[in-house]
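Below: the structure, in structure tokens.
The values are calculated or read from the model by the stated rules, or taken from the named source; none is laboratory data. Note that the structure is predicted; figures quoted are calculated from it, not measured. Note that we place each Cβ from the backbone using ideal geometry, even for glycine, and neighbour counts take in every protein chain shown.
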Amino acid sequence: MVRLSPLLALPLCFRAARGSLVDDIVNAIENAVDCAGCHALLVPLQGLALLGDAAFDATFIAVCQALKVQDPDVCEGIIKQQGPILAHDLRSISAFGQTATKLCDSVFGLCQPPPINNYIVPFPKPVPSDPKVWTSKGRKPFQVAHFSDVHIDREYAPGSDVNCTKPICCRNYADSAKPPKVPAGPMGEHHCDTTTALAQSMLHAIPADTAFSLFTGDVVEASVWLVNQTGVTNDLQTFDNEMATILGAPVYPAIGNHEVAPINLFPRSTASTPGAAQWVFDTQSKGWTKWIGGAGASQVAHISGSYSIVHPGTDLRIISLNTVYWYKANFWLYDSDTQQSDPNGILAFAVQELQAAEDAGQRAWIIAHIPPGRGDVLHDQSDYFDQIVQRYKNTIAAQFYGHSHQDEFAIAYSNYANRSAETAVSVGFIAPSLTPRSGQPAFKVYDIDPDTYEIMDARVFRSNVDSPTFQSQPTWELYYSARATYGPLVGVQPSEPLGPAFWHRVTEAFARNDTAFQQYRTFLDRGLDEGACDAACKDLTICGLRALRAQDNCIVSKPGLNFRRRDVLAAAHGHPDECEGAGLGSLFSPMPSQMVKTPAQRAELKQVMLEALAREGVQL
């Protein structure tokens, strides 16, 4: 039986006046309707965390199951994996500090991101007085493929239920309906992650004449309550081998937030267990050596999955960054009240490699999983990265991301107060996903100017899951060309790249031409019904397209915003819960709105919590 020492009992002294800890937790969750209420909620949660990880987990498993937030096994799996990290955070920070505000934003959506901490990124050299001018000679472009968010489910079971109660379906779960209401086809289904056959089909569909491919992360399927190190390692190794076997040209990958177990949780180097995710970097260091060489592989192992390589025979430096260290759902980022400007040195590495590119007279591409302008990115690190983009805007030819599962773009500006074609300085190309649970499977092929390394066209290829021939043989067809579709809207010249100014003019066309805007929304999920998008949705969408810096994306945090909502924000910025998967935030964010209200229901819930604590030997 657990008995609190006087020291540990100090944070719980308020109980004498307000009843038991369980009463305080229930009351605090019910009253967590704004930022102040969330900070107040953290106080009893800290008291619960001081009882130990097992007590913390057991209590919230009981709450999650009682409120039916997810199936019982999903509640238990997610909380047992991620709960100890949140409990560690709560034991490590003040309930009323800035880190707590960030935690309330991330987990509950009840606080707005706090003001950005002032930090000036150090640069080794000033901007050159005579920066290199990149001029096209009009030579034939070469091709580069870009695919992302493959989410391959190696346990996909043809004939299993397509419509289940889990975050992903098409698996033989112990509690699946028998017989299945809608049996899964052999190649894949919406509501389900990617089959091995579909992933291999996509790789075979990439044109043989591509110079190389970009893969911007997320190999592992969304059964995140079941993932473990062994399974994730096997998934990473298997897909690395499939890419190497099927694709003749090199692949330059990036680390995704699903590439670790528990999902999203990459510890900082300053964390209590800094090496907890090193196995991921070691696995990919070995798996990627064939493409990035020994020096790049060493960087992956020692710089948290980031690396840099000059593609052979070119003046193009590709810089791959692990942006999960800027991700709100990475709960290892909230275990200190000391603000850390550059977790794991990702920003410093970007500066180092961009300076090397500038010194060598090279262009650079940035590739990463999470776009820095999204609502699920910490404002501090997004702002600091934007400083780097501004400093090296002449060197950076383009940026490439995934994560949203949608076919998008986002623009960076030298002056966000005056966003125009003249102030647009960089563009991020965001790849659609392969997984059918987010739309029709798709990938992109870019036409690249061999002199400037700028994008001349971006063509999307898709396979239609709803086609009558899909289950026997997926076909990959050209869905649209960005140049052919958007060029006539803005009067693009034949020699003009699809650069930042072009894409800003496209957003202006969206603003004045609703038909063009609705066509763009159709492209997001590659033809699935996106639902209605009113004027507010349209404004928010365009604001997001004009924001490769998170503080400027017009998103206002609301309960469930980051992980649950499928309304205006889903239409404007993808389906955020699909990016995180069914993680801890997806369980906690709906709790305030789902708490029971009647005295009998409250008494029943409290009893469930007390019984859960008693099973862990805690008597209150």
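Screening ALA364, ALA368, ALA410, ALA329 for residues that are crowded, with 22+ Cβ neighbours inside 10 Å, of a type in the set (A, V, I, L, M) and without any contact (Cβ under 8 Å) to a residue 60 or more places away in the chain leaves exactly one candidate, ALA364. Here is the figure for the stretch 194-230: residues that are within 16 Å of SER148 (Cα to Cα) and assigned to a loop (DSSP other than H, G, I, E, B) total 8.
Checked against (1) aliphatic (A, V, I, L, M); (2) within 24 Å of the chain's Cα centre (by Cα); (3) surrounded by fewer than 19 Cβ atoms within 10 Å (Cβ to Cβ), ALA484 meets all criteria but (2). Would you say PHE470 is assigned to a loop (DSSP other than H, G, I, E, B), farther than 25 Å from ASN553 by Cα and aromatic (Phe, Trp, Tyr)? Taking the combined requirement at face value, the residue satisfies it.
PRO180 - would you say it is assigned to a loop (DSSP other than H, G, I, E, B), in contact with a Gly (Cβ under 8 Å, 6 or more places away or on another chain) and over 30 Å from PHE429 (Cβ atoms)? Considered against the rule, which asks whether it is assigned to a loop (DSSP other than H, G, I, E, B), in contact with a Gly (Cβ under 8 Å, 6 or more places away or on another chain) and over 30 Å from PHE429 (Cβ atoms), PRO180 comes out as yes.
Considering each residue of the stretch 436-467, count those that are part of a loop (DSSP other than H, G, I, E, B) and of a type in the set (A, V, I, L, M, F, W, C), and give that number.
To start, the set of residues in the stretch 436-467 that are part of a loop (DSSP other than H, G, I, E, B) comprises 439-441, 449-454, 463-467.
Remaining after also requiring of a type in the set (A, V, I, L, M, F, W, C): 465.
Count: 1.
Within the stretch 398-426, no residue satisfies the criterion of being within 18 Å of SER320 (Cβ to Cβ) and among the β-branched types (Val, Ile, Thr). Taken together, the residues in the stretch 58-80 that are crowded, with 23+ Cβ neighbours inside 10 Å and either farther than 29 Å from THR165 by Cβ or not hydrophobic (A, V, I, L, M, F, W, C) (or both) amount to 1. Of the set (1) more than 30 Å from ARG391 (Cα to Cα); (2) assigned by TED's automatic domain parsing to the domain that holds GLU496, all apply to SER148 but (1). Determine whether the stretch 473-480 contains at least one residue that is modelled with pLDDT under 95, surrounded by fewer than 20 Cβ atoms within 10 Å (Cβ to Cβ) and at negative phi. Checking the stretch 473-480: at least one residue is modelled with pLDDT under 95, surrounded by fewer than 20 Cβ atoms within 10 Å (Cβ to Cβ) and at negative phi.
For the stretch 509-521, state whether one or more residues are surrounded by 15 or more Cβ atoms within 10 Å (Cβ to Cβ), touching a Cys at 6+ places or on another chain (Cβ under 9 Å) and either touching a residue at least 24 places away in the same chain (Cβ under 8 Å) or in the same structural domain as ASP105 (by TED's automatic domain parsing) (or both).
Of the residues in the stretch 509-521, the ones surrounded by 15 or more Cβ atoms within 10 Å (Cβ to Cβ) are 509-510, 516-517, 519-521.
When the remaining residues are screened for being touching a Cys at 6+ places or on another chain (Cβ under 9 Å), the result is 517, 521.
Still in the running and either touching a residue at least 24 places away in the same chain (Cβ under 8 Å) or in the same structural domain as ASP105 (by TED's automatic domain parsing) (or both): 517, 521.
Taking every residue of the stretch 509-521 in turn, at least one turns out to be surrounded by 15 or more Cβ atoms within 10 Å (Cβ to Cβ), touching a Cys at 6+ places or on another chain (Cβ under 9 Å) and either touching a residue at least 24 places away in the same chain (Cβ under 8 Å) or in the same structural domain as ASP105 (by TED's automatic domain parsing) (or both).
Okay, residues lined up against (1) surrounded by fewer than 24 Cβ atoms within 10 Å (Cβ to Cβ); (2) of a type in the set (Val, Ile, Thr); (3) under 17 Å from TYR327 (Cα atoms):
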site	(1), (2), (3)
GLU259	no, no, yes
ARG268	yes, no, yes
GLN278	yes, no, no
GLY293	yes, no, no
